[in-house]
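The values are calculated or read from the model by the stated rules, or taken from the named source; none is laboratory data. Given the structure is predicted, the values throughout are model-derived calculations rather than measurements. Note: ideal-geometry Cβ built from the backbone for every residue, glycine included; neighbour counts use all protein chains shown. The protein model used for the area step is the full one, side chains on, heavy atoms only, and it has no ligands, DNA or RNA in it. Shrake-Rupley method; radii C 1.70, N 1.55, O 1.52, S 1.80 Å.
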Amino acid sequence: MSSRRLVLVTGAGQGIGAGVAAHLAKQGYRIAAADLNADKCADVVAALPGDGHSHWRMDVSSEREVDDTFAALEAQQGPVDALVCAAGILILHDGERRLIADTSLDEWELTHAVNTRGTFLCTRAYVRARRERPVEHGRIVTFSSCAAQLGGYRSSSAYISSKAAILGYTKALARESAAQGITVNGIAPGLIDTAMLRLSMQAGQEQAAAANIPLGRLGQPDDIAAAIGFLISPEASYITGTMTDVNGGYRMQ
Ligand SMILES: NC(=O)c1ccc[n+]([C@@H]2O[C@H](COP(=O)([O-])OP(=O)(O)OC[C@H]3O[C@@H](n4cnc5c(N)ncnc54)[C@H](O)[C@@H]3O)[C@@H](O)[C@H]2O)c1
């Protein structure tokens, strides 16, 4: 097995997850790219520089799929050094969020199943595996959102709620995992130019959106990936339980 550190990235089929996979592969990491969409994931992995990468179909909301994938991945590639939980969903209807009064229970449950339960299942599988086979510099990165911090302008209440749960969960996990030498930090992206953002933004609205961002542009997946590259590095060993805002100054606290 390779001595190059192994990173499992969920939601790696497109958008931020795909950008994180590409950025970290360039830095020399081995990437295990997982997504609900196996074909997209395979394409992402085929384009990564270097060798030792793999792709996995994994629904993060399924306990069985997450546990089976972790077991198969670690049997094949060795222990996962770092876990990046980028998989997420935002459900809109013709580009609009439903008001709470009009939100179905199914929409609420599905959103939490992927964004919140998915993060719990993946991180639980990781800390269980590391209890059996510890690694040096164990790392977890979760995904919240600027929407959870601000109450959200475009996103649904279900999405905001599911991402607000991650703000607390990240701290709880960081506190518990510290004894294992694992750091846990979250990313709260602002407006990042991916398919998820485009669900709520018509072509041509970019300039208006950028005008509300102090740094004057939408974010790119690589902006998020660069922060994650630092958070999972050995140099970040004294940083845990934090939420890193990558939002161009859209929200300053
Ligand atoms: N784009 C933004 O502006 C923005 C802002 C704040 C937070 N985020 C968060 O960043 C993360 C990445 O978002 P993105 O913009 O790249 O979105 P995206 O929709 O472009 O990509 C999300 C990926 O997650 C995968 N996915 C969805 N459900 C899954 C499941 N059940 N199991 C496994 N994979 C699944 C999708 O197939 C897709 O490849 C998400 O957690 C999102 O909530 C994004």
request  = Tell me which residues come under 5 Å, amide H to amide H, from Asn247 once H is placed; ignore anything under 5 positions away on its chain.
outcome  = Gly190
Cα centroid separation - the range 135-165 against the range 1-53, whole Å = 22
ask   = Going 7 Å from the Cα of Gln253 toward and past its Cβ, which residues in the range 139-163 have a backbone nitrogen under 18 Å from where you end up?
value = 141-153, 160-163
message = Taking the 0 to 90 degree range and rounding to the nearest ten, how far is the long axis of helix 221-231 tilted relative to the main principal axis of the chain, both from C-alpha atoms?
response = 40
inquiry  = Using C-alpha positions alone, give me the convex hull volume of the range 83-134 per residue in cubic angstrom.
reply    = 70
Amide N of the range 196-226 lying under 16 Å from the label point, which is placed 7 angstrom from the Cα of Asp102 along Cα→Cβ = 200
remark   = Filtered hits (lysines, Cα-Cα < 27 Å from Lys26, offset >= 8 within chain) -> Lys40
ask   = Could you give the length gained on full extension between Arg175 and Arg133, defined as 0.36 nm per residue of separation minus the Cα-Cα distance, in nm?
value = 13.2 nm
Unit charges on C-beta of K, R, D, E only; dipole of the chain, Debye = 600
note = If amide H atoms are modeled at 1.01 Å from N in the peptide plane, then the residues at a separation of 5 or more from His55, or on another chain, having amide H under 5 Å from its own are Ala33
Karplus-derived 3J(HN,Hα), 6.51/-1.76/1.60, for each residue of the range 197-207, Hz, glycine and proline x = 5, 5, 4, 10, 10, 6, 4, x, 8, 4, 5
remark   = Residue by residue through the range 124-137, the couplings from Karplus 6.51 cos²θ - 1.76 cosθ + 1.60 with θ = phi - 60°, in Hz, x for Gly and Pro, are 5, 4, 5, 5, 4, 5, 6, 5, 6, 10, x, 10, 6, 6
query = Thinking of the chain as a set of Cα atoms, what percent of all their pairs are more than 29 Å apart?
reply = 25
request  = Obtain the nm distance between the two label points defined at Ala72 and Asp222 by a simple spin-label model: each point lies 7 Å from its Cα along the Cα-to-C-beta direction.
outcome  = 3.3
message = Once neighbouring chains are kept in place and the probe is 1.4 Å, which whole percent of the accessible area of the chain is contributed by carbon and sulfur?
response = 53
task = Could you name the lysines whose alpha carbon sits less than 16 Å from that of Lys171, not counting residues in the same chain fewer than 8 places away?
result = Lys163
request  = Could you grab the relative contact order for the chain? Cα pairs under 8 Å, six or more apart, rounded to a whole percent.
outcome  = 20
request  = Sort the following peptides by mean Cβ neighbour count (other Cβ atoms within 10 Å, averaged over residues), highest first: 209-216, 9-16, 220-227.
outcome  = 9-16, 220-227, 209-216
ask   = How long is the range 136-253 along each principal axis, judged by its Cα atoms, biggest number first, in Å?
value = 48, 28, 26
message = From the convex hull of the Cα coordinates of the range 59-188, what is the mean projected area in square nanometres?
response = 8.2
inquiry  = Accessible area per residue for the chain in Å², computed with a 1.4 Å probe and the full protein assembly in place, what is it?
reply    = 46
